[in-house]
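To keep things clear, I will list the structure first and then write my remarks on it.
A short reminder: the numbers here are calculations on the coordinates, not readings from a lab. Keep in mind it's a predicted model, so treat the numbers as computed, not measured. Cβ placement follows ideal geometry from the backbone for every residue including glycine, while neighbour counts extend to all protein chains displayed.
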Amino acid sequence: MTSPRSVAILGSTGSIGTQALDVVSRNSDRFRVTALSAGSNIDLVAEQAVAFDVDLVAVAGGTAEQVAEAIAAHAARAGRAAYRPQIVVGDEAAVTAAGSGADVVLNGITGAIGLRPTLAALAQGSVLALANKESLIVGGPLVKAAAKPGQIVPVDSEHSAIAQSLRGGRAEEVRRLVVTASGGPFRGRSRESLREVTPDQALAHPNFSMGRVITTNSATLVNKGLEVIEAHLLFDIPFDRIDVVVHPQQLIHSMVEFVDGSTIAQAGPPRMLVPIALGLSWPERLADVDVPVDWTRAQTWEFEPLDDEAFPAVRLARQVGEAAGTYPAVYNAANEVAVDAFHEGRIGFLDIVDTIDRVVADHADHANALHGGIESATLSVEDVLRADRWAREQARTVLGLPHAHQTDEPLTDAEGALHR
């Protein structure tokens with residue numbers, strides 16, 4: 001009998017992490033959780049650690065004493081007072097968990113701070129189940145150079161769908177990728193009508209329950225722009241062969257069109273259980289992960305073109321992806337600052353993408369001043385960090401916000417570390 005795969009889950013208290021633990025609990029003969037990483041939800045990660053008997057608990061916020069006390073309390077209630085896992089706290093906690101040598105590392109962290117854990121998992125030879133799209137996007141060449149063939153398994157539902165559909169043909173037979181989008185809560189609305197959108201309205205996603213950043217990104221379609229860049233990097237398909245189509249029901253998660261005119265689509269409920277399970281078990285499938293589509297029930301599926309005028313984030317992402325280098329890091333960092341400002345009531349909804357556009361344009365002048373317009377072909381982590389910090393400060397300048405401390409390094413900062 002094959003021994004269970006060891007699994008490290010980064011962002012264990014967030015949406016992706018909690019669903020992953022649900023999959024593991026229903027397949028305990030297939031997986032053993034050896035490490036958990038969380039941001040600041042000490043009580044929940046302690047409860048998870050006891051329930052899954054993990055070896056390593058890594059927490060970005062709080063102290064080792066607080067984590068130990070929470071674990072001891074949950075262990076006592078479970079009748080396991082002797083349970084004592086290794087505890088790591090601080091900004092590098094997730095990196096430690098990622099590099100712990102698990103067979104599979106599920107990176108469910110939100111934001112660019114997932115880059116170092118992604119690289120740590122790849123360096124250890126672990127299979128990387130990647131839900132943290134930002135780490136691939138901002139560190140594209142770095143991540144691709146670090147990954148062996150087949151070492152990265154996408155967990156985003158769209159990219160999981162593409163990976164599944166690609167099993168139906170050879171790489172040279174692919175004509176284009178079709179990434180589907182729900183259209184978010186504002187599908188069909190004009191740009192002008194979005195001017196007075198509130199944060200609560202932006203968080204009312206029609207299909208998924210996600211964290212604040214990802215849900216807002218779905219409303220602006222920045223998330224879809226990031227996914228286009230991710231698809232390009234994962235599958236080596238040029239941007240002019242990656243389309244986005246609005247599919248409100250989100251039952252088809254994405255499609256692959258082949259040269260003979262055939263299109264293979266992956267369909268399933270608008271939930272993350274199947275992509276998460278495949279991330280853990282790839283290339284095998286687990287039984288009864290989710291309820292399939294009921295094909296006996298009458299239903300209508302819609303497909304619409306993307307409105308680039310009302311939602312210019314995807315068009316801008318294509319330009320950023322083509323520019324490559326540190327441009328994707330700038331796009332992502334400017335967005336994170338703008339999303340926070342929007343939810344703090346400092347700016348309007350339309351200002352989010354307008355700010356990204358302005359910062360990306362300013363980066364062209366910035367890069368020209370630094371490098372004569374040519375970005376280094378050998379991108380380093382330091383280059384990405386520097387571009388990330390610059391973009392955050394530039395976004396604050398554009399928005400008239402207070403500036404962060406000189407030592408602020410968002411890619412290692414614990415703040416915002418988990419799906420919320």
Can you give the FRET efficiency to the nearest 0.05 for Ala324 and Ala82, using r as the Cβ-Cβ distance and R₀ = 45 Å? 0.30
Can you work out ³J(HN,Hα) from phi for every residue in segment 20-37, in order, using Karplus 6.51 cos²θ - 1.76 cosθ + 1.60 and θ = phi - 60°, giving whole Hz and x for Gly and Pro? 4, 5, 5, 4, 4, 4, 8, 9, 5, 7, 9, 9, 10, 7, 9, 8, 10, 10
Would you mind checking which residues have amide H under 5 Å from Gln266's amide H? H placed 1.01 Å from N; only 5 or more apart, or other chain. His253, Ser254
For Val381 and Asp354, extending 7 Å from Cα along the Cα-Cβ vector and measuring point to point gives, in nm, a value of 3.8
Cβ neighbours within 10 Å, averaged per peptide: list 188-196, 331-339, 11-19 in order, most packed at the top. 331-339, 11-19, 188-196
Can you tally the net charge around Glu230? Count Lys and Arg as +1, Asp and Glu as -1, for every other residue whose Cβ sits under 14 Å from the Cβ of Glu230. -1
What order do you get for Ser126, Ser40, Ser6 when you list them from fewest to most C-beta neighbours inside 10 Å? Ser40, Ser6, Ser126
So, by mean Cβ neighbours within 10 angstrom, what's the order for 251-263, 85-97, 291-303 with the highest one leading? 85-97, 251-263, 291-303
Taking the chain and counting helices only, DSSP H stretches of n ≥ 4 at -39,500 (n - 2.57) each over all residues, the nearest-500 ellipticity at 222 nm comes to -13000 deg cm²/dmol
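When Asp388, Asp29 are ordered from fewest to most other Cβ atoms inside 10 Å of their Cβ, what list results?
Ranking Asp388, Asp29 by Cβ neighbours within 10 Å, fewest first, gives Asp29, Asp388.
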DSSP-defined beta bridges in the chain - what % are antiparallel, rounded to 5: 30
Can you compute 3J(HN,Hα) from phi for each residue in segment 238-243, using the Karplus curve 6.51 cos²θ - 1.76 cosθ + 1.60 with θ = phi - 60°, rounded to whole Hz and x for Gly and Pro? x, 4, 6, 10, 10, 9
Return the whole-Å distance between the Cα centroid of segment 30-104 and the Cα centroid of segment 306-322. 40
Calculate one ³J(HN,Hα) per residue across segment 301-318 by plugging θ = phi - 60° into the Karplus curve 6.51 cos²θ - 1.76 cosθ + 1.60, and present them in order as whole Hz with x for glycine and proline. 10, 10, 9, 9, x, 6, 8, 5, 6, 6, 10, x, 4, 6, 4, 5, 5, 4
Shape metrics for segment 133-218, restricted to C-alpha atoms - Rg then Dmax, Å: 16.9, 47
Which whole-number percent of Cα pairs in the chain have a distance greater than 39 Å? 16
Once both labels are modelled 7 Å past Cα along the beta-carbon direction, what's the Asp55-Ala361 spacing in nm? 5.3
Computed over the Cα atoms, what is the radius of gyration of segment 5-159 divided by 2.2 N^0.38 Å, N being its residue count? 0.99
Just subtract the alpha-carbon distance of Arg191 and Ala298 from 0.36 nm times their residue separation and send over the number in nm, one decimal. 35.1 nm
